[in-house]
Amino acid sequence: MQHDYDLLVIGGGSGGVRAARMSAATGKRVALVEKQYLGGTCVNVGCIPKKLFHYAAQLPTQTHEAIGFGWSEVKPSHDWSVLTRNVAAEVQRLNGIYKNMLQNAGVELFEGVAQLFDAHHVTVGDKKISAERILLATGGYPWKPDIAGIEHAITSDDFFSLPHRPERTIVVGGGYIAVELAGILHAMGSQTTLLHRGDKVLKNFDADISHFLQQEMEKQGMAFQWNDNIVSIEKIADELQVHCSSGSVLKTDCVLFATGRKPATAQLGLEAVAIQCSRSGHVVVDEHFATSVPSIFAVGDLVGHKELTPVATAEAMWLVDYWFGSRMRERIDYSLVPSAVFSSPEVASVGITQQEAESRYGVHDVEIFRTDFRPLKHTVSGSSERMMMKLIVQRSTGRVLGVHMVGAEAGEVMQGFAVALQVGATKKQFDATIGIHPTAAEEFVTLRTPLPRASH
Ligand code: NDP
């Protein structure tokens with residue numbers, strides 16, 4: 001039976017757009033349905049605006065650090081509306097680029113909510129479209145708990161269009177988004193408290209890294225409220241009163257929940273075709289990204305292997321190659337996905353943590369190389385910010401299992417080390433690599449002495 005399309009993609013985010021574009025480039029008939037904005041979370045309310053706000057947040061510190069280098073003191077003032085307007089303009093430009101890329105590739109675009117009808121049919125409003133294959137790529141959304149007054153709280157989706165900088169903010173959570181947005185708000189002059197139900201940030205990162213970042217954030221004057229949670233929020237005049245499980249009542253202007261993201265399955269009509277989901281609500285797929293219905297596939301945050309844009313695009317490219325290409329593409333190695341947290345200072349890592357290495361190989365087969373220091377720039381800038389680097393090595397094979405860093409430009413530094421780990425680099429090869437002097441990154445190739453056993 002001839003279908004309207006060879007491929008119908010639901011969701012115009014990083015994964016969906018890449019799959020649609022690449023499939024169309026092989027000559028296939030492709031359509032894409034998007035209900036909101038092209039580019040998905042990353043372009044509209046994630047990576048891109050976040051990184052631009054991260055740049056904005058670093059600038060006042062740099063102005064202050066310039067004094068040590070002889071620049072006279074300036075008291076910068078900030079216009080929040082200029083920042084949000086300029087960031088929104090860039091996002092809009094990217095939306096346009098995504099649209100052009102799809103149209104130039106010959107992908108037919110539909111605006112609206114797509115609902116699965118059966119294994120080969122989707123409805124969009126009153127249209128019914130058929131396709132040989134359907135790809136679900138609707139991503140995720142930020143989740144906030146159902147507590148009294150939750151309507152007064154915002155999520156990362158609302159953050160980038162706040163009309164002005166809140167004077168005081170409480171950020172709830174201890175993960176990527178909480179740490180990044182709390183850092184941005186604090187640096188931009190909002191009196192910020194990070195309130196977390198646990199007792200440390202970034203709990204899935206190397207424990208040393210999360211501890212070091214926390215110390216640096218404390219040094220900058222950010223407030224933390226550990227082992228606590230919000231039970232209700234009241235709006236009294238212009239102020240929010242936040243009631244916590246500890247019994248404390250905090251007054252603030254803005255409460256931002258960064259308490260995780262959930263897969264966006266609600267409008268897909270998965271029940272109509274009996275697509276299997278996991279307990280966390282993610283769509284279950286096999287090794288070829290096929291769902292429990294063989295003609296329907298899923299990639300990206302909806303599947304949740306790793307909720308990162310480059311993972312969604314890698315999955316999309318793998319799948320297109322599997323369907324229409326050489327089928328020679330290597331499987332995605334999820335164990336070596338690098339990532340960066342655009343906190344202040346930044347965190348980045350690739351490979352496994354000390355804790356994972358020790359439980360996998362035993363403490364005696366793991367060597368730890370670690371350094372922390374004041375970066376050269378700050379010997380003159382006067383900033384007390386420090387940097388930390390850590391290598392996890394398997395003693396018996398010499399393989400570098402993990403590279404971790406806290407410090408300026410950690411994201412930029414880590415990309416190259418991700419390549420090194422991808423090709424199985426050993427500590428010996430790190431040692432044979434000549435450093436670039438004077439840089440911070442050269443520390444990674446000059447670490448010679450493992451930590452004594454007693455201290456790890
Ligand atoms: P995370 O899963 O990283 O963190 C969620 C945080 O919320 C955790 O600290 C968790 O606590 C806490 N939490 C969860 N449920 C509750 C609750 N009911 N009450 C109070 N606290 C709660 O999610 P994020 O929202 O920060 O980010 C989602 C994902 O998006 C990330 O995992 C990452 O993959 C991706 N991302 C990547 C970025 C990057 O690459 N730079 C940037 C932003 C997001 P606990 O630790 O106790 O579970």
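The values are calculated or read from the model by the stated rules, or taken from the named source; none is laboratory data. This one's a predicted model, so the numbers in the text were calculated from it and none came from an experiment. Quick reminder, even Gly has a Cβ in these numbers, built from the backbone with ideal geometry, and neighbours come from all protein chains shown. We work out accessible area using only protein heavy atoms, side chains counted, and drop any ligands, DNA or RNA first. Shrake-Rupley method; radii C 1.70, N 1.55, O 1.52, S 1.80 Å.
Okay, residues lined up against (1) closer than 30 Å to E239 by Cβ; (2) basic (K, R); (3) in contact with a Ser or Thr (Cβ under 9 Å, 6 or more places away or on another chain):
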| position | (1), (2), (3) |
| --- | --- |
| V82 | yes, no, no |
| E90 | no, no, no |
| L94 | no, no, no |
| M101 | no, no, no |
| E108 | no, no, no |
| A137 | no, no, yes |
| P163 | yes, no, yes |
| P166 | yes, no, yes |
| T169 | yes, no, yes |
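Is it the case that region 103-110 has a residue that's in contact (Cβ under 8 Å) with a residue 24 or more places away in the chain and more than 28 Å from I134 (Cβ to Cβ)?
Taking region 103-110 first, the residues in contact (Cβ under 8 Å) with a residue 24 or more places away in the chain are 105-110.
From what's left, more than 28 Å from I134 (Cβ to Cβ): none.
The answer is no; no qualifying residue exists.
Would you mind telling me which numbered condition in (1) in contact (Cβ under 8 Å) with a residue 40 or more places away in the chain; (2) within 21 Å of Y5 (Cβ to Cβ); (3) surrounded by fewer than 21 Cβ atoms within 10 Å (Cβ to Cβ) A290 fails?
All conditions pass for A290, except number (1).
Per-residue answers, yes or no, for (1) within 16 Å of F444 (Cβ to Cβ); (2) assigned to a strand (DSSP E or B):
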position	(1), (2)
S343	no, no
V350	yes, yes
S359	no, no
T371	yes, yes
M389	yes, yes
T397	no, no
V400	yes, yes
Q415	yes, no
K428	yes, no
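Of these, L94, L116, L83, which one is open to solvent by less than 60 Å² (accessible area, probe 1.4 Å), touching a residue at least 60 places away in the same chain (Cβ under 8 Å) and not hydroxyl-bearing (S, T, Y)?
Details: L94 fails: touching a residue at least 60 places away in the same chain (Cβ under 8 Å); L83 fails: touching a residue at least 60 places away in the same chain (Cβ under 8 Å).
Residue meeting the stated conditions: L116.
Report the residue count in region 228-244 for those that are open to solvent by 40 Å² or more (accessible area, probe 1.4 Å), in a strand (DSSP E or B) and within 15 Å of the ligand (Cβ to nearest atom).
Qualifying residue count, region 228-244: 2.
Kindly indicate the residue of region 274-284 that is hydrophobic (A, V, I, L, M, F, W, C) and within 22 Å of the chain's Cα centre (by Cα) and also least open to solvent (accessible area, probe 1.4 Å) among those meeting that condition.
That would be V283.
Limited to region 245-273, what total is found for residues that are in a loop (DSSP other than H, G, I, E, B), more than 16 Å from the ligand (Cβ to nearest atom) and open to solvent by 50 Å² or more (accessible area, probe 1.4 Å)?
Step one: list which residues in region 245-273 are in a loop (DSSP other than H, G, I, E, B), which gives 245-248, 253, 258-260, 264-269.
Applying the additional criterion that residues be more than 16 Å from the ligand (Cβ to nearest atom) yields 247, 253, 265-269.
The next check asks that each one be open to solvent by 50 Å² or more (accessible area, probe 1.4 Å); those that pass are 247, 253, 266-267.
The total comes to 4.
Suppose the filter is at positive phi, open to solvent by 20 Å² or more (accessible area, probe 1.4 Å), of a type outside the set (K, R) and away from the ligand (no atom under 13 Å from the Cβ); does G39 pass it?
On the way: at positive phi: yes; open to solvent by 20 Å² or more (accessible area, probe 1.4 Å): no; of a type outside the set (K, R): yes; away from the ligand (no atom under 13 Å from the Cβ): yes.
No; evaluated as a whole, the condition is false for this residue.
For region 311-339, how many residues meet the condition of being of a type in the set (D, E) and assigned to a loop (DSSP other than H, G, I, E, B)? I'd like the intermediate steps shown before the answer.
Step one: of region 311-339, the residues of a type in the set (D, E) are 315, 321, 330, 333.
Next, only the ones that are assigned to a loop (DSSP other than H, G, I, E, B) stay: 330, 333.
Selection size over region 311-339: 2.
Can you tell me how many residues within region 302-353 are touching a residue at least 12 places away in the same chain (Cβ under 8 Å), more than 10 Å from the ligand (Cβ to nearest atom), of a type in the set (D, E, K, R) and open to solvent by 40 Å² or more (accessible area, probe 1.4 Å)?
Selection size over region 302-353: 3.
Among the residues of region 179-221, write down those that are open to solvent by less than 10 Å² (accessible area, probe 1.4 Å), part of a loop (DSSP other than H, G, I, E, B) and in contact with a Leu (Cβ under 9 Å, 6 or more places away or on another chain).
Listed by number, the residues that qualify are V201, L202.
Applying the selection to region 286-331, what residues are of a type in the set (S, T, N, Q) and out of contact with any helix residue (DSSP H, G or I) (no Cβ under 8 Å at 6 or more places or on another chain)? Full working, then the answer.
The initial filter retains those residues of region 286-331 that are of a type in the set (S, T, N, Q), namely 291-292, 295, 309, 313, 326.
Scanning region 286-331 gives T291, S292, S295, S326.
Confirm whether L202 is within 9 Å of the ligand (Cβ to nearest atom) and farther than 23 Å from I147 by Cβ.
When the stated conditions are applied, L202 passes them.
For the structure I just gave you, tell me whether D126 is more than 30 Å from L319 (Cα to Cα), surrounded by fewer than 16 Cβ atoms within 10 Å (Cβ to Cβ) and away from the ligand (no atom under 13 Å from the Cβ).
On the way: more than 30 Å from L319 (Cα to Cα): no; surrounded by fewer than 16 Cβ atoms within 10 Å (Cβ to Cβ): yes; away from the ligand (no atom under 13 Å from the Cβ): yes.
For D126, the condition - more than 30 Å from L319 (Cα to Cα), surrounded by fewer than 16 Cβ atoms within 10 Å (Cβ to Cβ) and away from the ligand (no atom under 13 Å from the Cβ) - is not met.
Out of the residues in region 398-456 that are without any contact (Cβ under 8 Å) to a residue 60 or more places away in the chain, of a type in the set (S, T, N, Q) and under 27 Å from Y334 (Cα atoms), state the one that is most open to solvent (accessible area, probe 1.4 Å).
Per the criteria, the residue is Q429.
May I ask you to say which residue of V74, V107, V113 is among the β-branched types (V, I, T) and farther than 30 Å from A274 by Cβ?
On the way: V107 fails: farther than 30 Å from A274 by Cβ; V113 fails: farther than 30 Å from A274 by Cβ.
Answer to the check: V74.
Give me the pairs: first residue in region 215-233 and within 13 Å of T192 (Cα to Cα), second residue part of a strand (DSSP E or B), beta-carbon distance under 6 Å, and six or more apart or on different chains, which are they?
M222/T192; A223/T193; F224/L194; Q225/T193; Q225/L195
Of all residues in region 168-178, how many are open to solvent by 10 Å² or more (accessible area, probe 1.4 Å), of a type in the set (A, V, I, L, M, F, W, C) and more than 6 Å from the ligand (Cβ to nearest atom)?
Counting residues in region 168-178 that are open to solvent by 10 Å² or more (accessible area, probe 1.4 Å), of a type in the set (A, V, I, L, M, F, W, C) and more than 6 Å from the ligand (Cβ to nearest atom) gives 0.
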